[in-house]
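The values are calculated or read from the model by the stated rules, or taken from the named source; none is laboratory data. Values in this document were obtained by computation on a predicted structure and should not be read as measured data. Cβ sites come from the backbone with ideal geometry, for glycine too, and all protein chains shown count toward neighbours. The area values use the complete protein model at the heavy-atom level, side chains included, leaving out ligands, DNA and RNA. Shrake-Rupley method; radii C 1.70, N 1.55, O 1.52, S 1.80 Å.
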Amino acid sequence: MPQDINSGQSIRYIKGVGEARARLFSKLGICTVYDAINYFPREYEDRTEVKKIIEVMDGEECGVTARLVSEIAETRPRRNLLVTKALVTDGTAFLSLTWFNQRYIKNSLQKDVEYIFFGKVKRTGMRIEMNSPVIEKADQSGKITGRILPVYSLTKGLTQAHVRKLTENSLYLIKDKLEETLPEDLRKEYKLSQVKFSYEEIHFPKNFSNMEEARRRLVFEELLLLQLSLIRSKGVSSEQKGIKFQPIDMAPLLDKLTFSLTNAQKKVFEEIRKDMESARRMNRLIQGDVGSGKTIIAVMAIYMAAKNGYQSAFMVPTEILAEQHYRSVSTLFDSLGIKVSLLTGSTRKKEKEEIKSSLRNGEIDVVIGTHAILEDDAGFDRLGLVITDEQHRFGVRQRAKISTKGENPDILVMTATPIPRTLSLVLYGDLDVSVIDELPPNRKPIDTYAVDGSFRQRIYNFIRKNVTQGRQAYIVCPLVEDSDEISAESAEGLAERIRDNELKGLRVGLIHGKMKSSDKETVMRSYVKGELDVLVSTTVIEVGVNVPNATLMVIESAERFGLAQLHQLRGRVGRGEHKSYCILINQSKSEISRQRMEIMASTNDGFVISEKDLELRGPGDVFGVRQHGLPELRIANLYRDMGILKEVQMAVKHIMSNDLLAKDEQYRPLADKLDYIMKEKFREIAIN
Ligand code: ADP
Ligand code: MG
């Protein structure tokens, strides 16, 4: 499609689009004619419904066919305000019409002519009204009334009429030249409408069933291209040849643990061991709720690689987490003769150089770190295994990038599934999945309470009580959008206040993203050792942090966090044998906040929470998509379109396993469009 000369043409050449308006359209991402027809309606206005006046209901949007029965009255209650009123009837009842500042109305309505008036009805007792209705002569119906009209998202300065006109003209220009990207067999198999029909009917549908049909095809196509481009950009697949590791006796490692593995952990490691011992490349995702014990699984895989003489890279999203993993992993590995090192953004330059050179000559077996591992000059001698923890925090690009280091190293990614299943299907559709569906024994569910600010004093008393019993607490400060600075300040302020007042006498620590890494490390170490009773923090502790003695999580302004994030934060407690609590301070009075807090209080299940969250946020807001490094979806909705997504995945399997993009001439247009998208939209994800 983009290869068609007209579709890449700027909208400047469309009638009615001058320089100023073009600039406004560009704010909506519309620069070319192709963009214009791919700017899909948000919803529709049904102007096909014409009713008898007597039948219309309060609040309803509809049309009536009626004639004028009064003079048209104009009044000027204020300067700059012209009110025009008229009374019409269709014989069943009277309808009062009002317009504001529409000078032309007076001369455009004639007596004894039938018009269709379309608008929102207000009905109070016997009185039926419509404000600012759209008018059309009944015998010309179909131009503005009598139709289903698209409603687009706008930006300041643009009206629906502007966008409608642009779409209409753009369609007119290119609809006969649109290339069909979906081959006929695919369209038959999945009952997908043709390209021209789809674009016409999505913007200006003749009826709603046509619109649905059109939408289905466009959603299918969008998801298909998304899936295919993801597969291509990752360039990793378990169909590839990989390293064949030799079986290893795990006993020396397991003997060092203070617990025995859960059955779920055993089962998952068994799956990993099979992958590693096979000649295929491992490409596996471990899903397990917070606290399910994913780290040890990673450690076991690393052990297996090391004993085979291969290096491993363990990548995590935050420095705090990297340091924590480094502490626990090196404690286990030191006596087993496996060399571990830590590489993060704040590792000193000289040390970094040393680590990198020991990695290159194979002196180091395991490197644990943040993206710093991805730096271009970080090379390995024999990289055999790449693990990413808290995968949902990384973009697709990073996952792709690290897997290119070394020669087809095995890949293991771990996530606590804070994203809905639909999204994870899209993101991880190419991975084999293992699920840790069991928590270690003796974990008690975390009791969660949502309260308002008036409970603070009681909360502080509760903290004291817990500390007296030897436990520790977290207080997380509100998220301040886009500002680490303010978040850090508010955490500082809170820590100071409670140190001197409410929690006087307790040992209160502070940690936030603006602190120097070595300072964070010091604070975290003292908290782990139990030298601090309370840790006031920003969201830097959100993922992975593991202090089993901490049993109380207090979250200030909880309404500002996403549910998945609250779940992650709550997961910082309940990690040991002690009963744990999470207190959400909800400052908002809104119904939606109340419902969200209710969900948190009612379940500890991360899956349930992420799905409910998406449901509550409703269609239209596909959260996390951009964060995951995906292009924005124009029409598909990962929540609503789960059904289509499943069909798409079947189609993708069929296409990939028969190599149709390369081999079947019918698939050429689809392959071309995919190339184009890879070039344009995925520029940053592609890994050449
Ligand atoms: P997550 O899955 O959230 O990354 P971790 O790997 O950090 O969880 O484990 C959480 C806590 O549970 C850690 O303190 C860990 O030592 C402990 N743990 C892991 N597996 C078991 C087990 N089988 N029995 C008891 N405790 C375990
Ligand atoms: Mg973890």
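Pairs meeting the criteria (first residue in the range 100-119 and among the polar types (S, T, N, Q), second residue open to solvent by less than 20 Å² (accessible area, probe 1.4 Å), beta carbons under 7 Å, at least 6 apart or on different chains) are Asn101/Leu82; Gln102/Thr84. Of the residues in the range 276-299, none is on the phi > 0 side of the Ramachandran plot, more than 14 Å from ligand 2 (Cβ to nearest atom) and out of contact with any Cys (no Cβ under 8 Å at 6 or more places or on another chain). Out of Arg67, Arg42, one residue alone is touching a Gly at 6+ places or on another chain (Cβ under 8 Å) and in contact (Cβ under 8 Å) with a residue 40 or more places away in the chain. It is Arg42.
Taking every residue in the range 247-267 that is touching a residue at least 24 places away in the same chain (Cβ under 8 Å) and pairing it with any residue that is of a type in the set (Phe, Trp, Tyr) and more than 16 Å from ligand 2 (Cβ to nearest atom), at least 6 positions away or on another chain, the pairs with Cβ-Cβ distances below 9 Å are Ile248/Tyr303; Met250/Tyr303; Pro252/Tyr303; Leu253/Tyr303; Leu253/Phe333. Restricting Val536, Val547 to residues that are modelled with pLDDT of 90 or more, assigned to a loop (DSSP other than H, G, I, E, B), in the same structural domain as Val476 (by TED's automatic domain parsing) and touching a helix residue (DSSP H, G or I) at 6+ places or on another chain (Cβ under 6 Å) narrows the list to Val547.
When the strands (runs of 3 or more DSSP E) confined to the range 239-350 are screened for residues that are touching a Phe, Trp or Tyr at 6+ places or on another chain (Cβ under 6 Å) and away from ligand 1 (no atom under 14 Å from the Cβ), those reaching at least 2 such residues are found at 340-343. Entry remark, the range 338-373: residues being more than 16 Å from ligand 2 (Cβ to nearest atom), open to solvent by less than 10 Å² (accessible area, probe 1.4 Å) and in contact (Cβ under 8 Å) with a residue 40 or more places away in the chain number 6 in total. Remark: pairs (first residue in the range 135-164, part of a loop (DSSP other than H, G, I, E, B); second residue among the small types (Gly, Ala, Ser); Cβ separation under 6 Å; 6+ apart in sequence or on different chains) = Thr145/Gly63.
If you go through the range 156-171 and pick out every residue that is open to solvent by 30 Å² or more (accessible area, probe 1.4 Å) and of a type in the set (S, T, N, Q), you end up with 3. Considering the range 499-523, and only residues there that are open to solvent by less than 20 Å² (accessible area, probe 1.4 Å) and within 23 Å of Ala564 (Cβ to Cβ), the residue that is farthest from the chain's Cα centre (by Cα) turns out to be Ile511. Scanning the range 622-638 for residues that are open to solvent by 90 Å² or more (accessible area, probe 1.4 Å) and modelled with pLDDT of 65 or more, we see that the one that is nearest to the chain's Cα centre (by Cα) is Glu632. Go through the range 535-563 residue by residue and tally those that are farther than 20 Å from Phe462 by Cβ and away from ligand 1 (no atom under 14 Å from the Cβ). Of the residues in the range 535-563, 8 are farther than 20 Å from Phe462 by Cβ and away from ligand 1 (no atom under 14 Å from the Cβ).
From (1) under 23 Å from the mean Cα position of the chain (by Cα); (2) not in a helix (DSSP H, G or I), pick out the condition that doesn't hold for Leu192. Among (1) under 23 Å from the mean Cα position of the chain (by Cα); (2) not in a helix (DSSP H, G or I), the lone unmet condition for Leu192 is (1).
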